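J.: I have a structure I would like to understand better, so I am pasting it below and will then ask my questions one at a time.
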Amino acid sequence: MTLKDSGEVIALGFPRVEEMYVTRIASAVRLRPGGQALVVTDVMGQAPDETTVLFEGLPELDANVKIARTLCTVHEGKAVVEVCNASTGDLVLSKGTALATATVVPKSAFDSLNADQESLTTESDQMPSGSGGRTTWVDSVISAAAAATNPSQDPMPGLDTAKEAELDVDFTDSKLVPTFLRIWSD
């Protein structure tokens, strides 16, 4: 079939084979209420390197755990998934918890994008590399996440101070009896 506007040819009746993999979280993560995090996951099975996959949350996950539906590339059997905590309490995901399915996106899905653009790569487009030229994208994600030095254990730091400042009442011009002033000011 050929589309009139763009002239793009779409094959009809083309057989499609979906490859799906389960991903498990690589390390324990604690999420605060309403928080989100990028977590490194292990792709279970033999997912080919440099494969683009679509992540979707597993239906058997806790209702408070939300997985962002997103595209990612598999590197050395690992991929990054965005996890969100939709609950009002802290959420701890333990290592090895099944988080999402990774469906392989065929390269043909990107063919129409590549036809219009020349593939020019510059040094700025390259992935960060460590010793021996091996990509260490996982290390760059972890180091960016670890930049927060000693985060507070309190889910809402500064709330008590703000609450006291807002609820502090000034009785200086009050016509109350001194006994009542003492009661109200304590």
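J.: Taking the residues in the range 42-61 that are more than 19 Å from Ser94 (Cα to Cα) and among the β-branched types (Val, Ile, Thr) as candidates, determine which candidate is surrounded by the fewest Cβ atoms within 10 Å (Cβ to Cβ).
T.: That would be Thr52.
J.: Continuing with the same structure: Could you look through the range 33-60, keep only residues that are among the charged types (D, E, K, R) and touching a Gly at 6+ places or on another chain (Cβ under 9 Å), and pick out the one that is farthest from Pro106 (Cα to Cα)?
T.: Asp42
J.: Answer with yes or no whether Ser27 is out of contact with any Asp or Glu (no Cβ under 9 Å at 6 or more places or on another chain), part of a helix (DSSP H, G or I) and surrounded by fewer than 15 Cβ atoms within 10 Å (Cβ to Cβ).
T.: The answer is no for Ser27.
J.: Still on this structure, I have one more. Any chance you could count how many residues in the range 19-68 are farther than 11 Å from Ala79 by Cα, small (Gly, Ala, Ser) and under 15 Å from the mean Cα position of the chain (by Cα)?
T.: So the count comes out to 7.
J.: Oh, and also: Out of (1) part of a helix (DSSP H, G or I); (2) more than 25 Å from Leu71 (Cβ to Cβ); (3) at pLDDT below 60, the odd one out for Phe180 is which?
T.: Status for Phe180: all satisfied but (3).
The values are calculated or read from the model by the stated rules, or taken from the named source; none is laboratory data. Predicted model only: the values in this text are computed from it and were never measured. Note: ideal-geometry Cβ built from the backbone for every residue, glycine included; neighbour counts use all protein chains shown.
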